[in-house]
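Here is the structure we will look at, set down as structure tokens.
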Amino acid sequence: MAAQETILPQSFRAHPWHGVHTGKEAPRIVNCFIEIVPGDTVKFELDKSTGYLRVDRPQRFSNQCPSLYGLIPRTLCDARVAEYCCQKTGREGIRGDQDPMDICVLTDRSISHGDILVQAIPIGGLRMIDGDEADDKIIAVLLDDALYGGYRDIEDCPHAVLDRLKHYFLTYKQDPDRGEHPVEIVAVYGVEEAHEVINRSRDDYRARFG
């Protein structure tokens with residue numbers, strides 16, 4: 001029994017949001033849990049209670065995410081992230097969306113499925129507002145990637161790549177039967193603001209979960 005008590009806890013899978021560290025060098029290099037890969041025709045999303053991926057919905061029409069997409073562990077988009085969004089936009093009444101910080105990871109490699117951990121270097125982000133909620137999307141490059149790995153700021157990223165990311169997030173919730181979904185991308189920002197957003201989301205997480 002003593003041997004079982006020692007071994008069993010090590011056999012449990014860590015929760016991708018709460019059980020994985022953000023990264024020793026965060027925010028310069030962060031761990032990312034990938035939910036969606038390019039080519040997925042279903043939008044997968046982390047089930048917060050279990051830590052498993054669940055089907056959120058089929059991707060509408062031909063809209064597919066152009067990058068790896070997931071979350072940064074031990075982050076939360078709450079009051080501090082929302083406050084920064086208000087400061088940068090001059091708006092009032094914006095709230096955090098209560099989800100982990102989203103991240104898009106650019107890579108030259110073909111990765112066939114999500115539910116994996118990768119290390120990435122944030123280079124910027126999209127300041128997205130969904131209704132009245134801050135819903136930032138950090139943009140990063142896969143660590144040591146052959147094509148994108150040398151990028152260090154959003155200015156290094158081709159405009160065509162940014163346009164694809166913006167188009168995806170502006171349209172991925174649209175439904176012709178319910179009209180336009182009120183999603184806005186009000187700014188594209190560089191690495192310094194990305195670090196600030198990540199740090200604020202880490203503070204929001206600690207304030208909520210300790």
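Read the figures in this text as sums done on the coordinates, not as results from a lab. Everything numeric in this text was worked out from a predicted model, so none of it was measured. Positions of Cβ are generated from backbone atoms using ideal geometry, with glycine treated the same way; all protein chains shown enter the neighbour counts.
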Original post:
Using alpha-carbon pairs under 8 Å, 6+ residues apart, how would you state the relative contact order of the chain in percent?
Top reply: 22
Original post:
Which is the longest run of the chain containing none of the trypsin sites (Lys or Arg not before Pro) found in DSSP loop states (not H, G, I, E, B) with at most 15 other C-beta atoms within 10 Å?
Top reply: 110-151
Original post:
So what's the Cα pair-distance distribution over region 12-125, bin width 10 Å, in %?
Top reply: 13, 40, 36, 11, 0
**OP:** Quick one: of Lys88/Lys137; Lys24/Lys166; Lys24/Lys88, which pairs are farther than 18 Å apart, Cα to Cα?
**Re:** Lys24/Lys166; Lys24/Lys88
Original post:
Considering only the other residues whose Cβ falls under 13 Å of the Cβ of Gly149, what net charge follows from Lys and Arg at +1 and Asp and Glu at -1?
Top reply: -2
Subject >> Binned Cα-Cα distance frequencies in region 14-209 - 10 Å width, integer % >> reply: 9, 38, 40, 12, 0
Original post:
When the dipole is taken about the Cα centre of region 14-209, and only Lys, Arg (+1) and Asp, Glu (-1) are charged at their Cβ, what size is it in debye, to the nearest 20?
Top reply: 320
Subject >> Summed residue charge, Cβ within 12 Å of Tyr189's Cβ, Lys/Arg positive, Asp/Glu negative >> reply: -3
Original post:
Looking at region 48-140, which GluC sites (Glu not before Pro) are DSSP coil and have at most 16 other C-beta atoms within 10 Å of their C-beta?
Top reply: Glu92
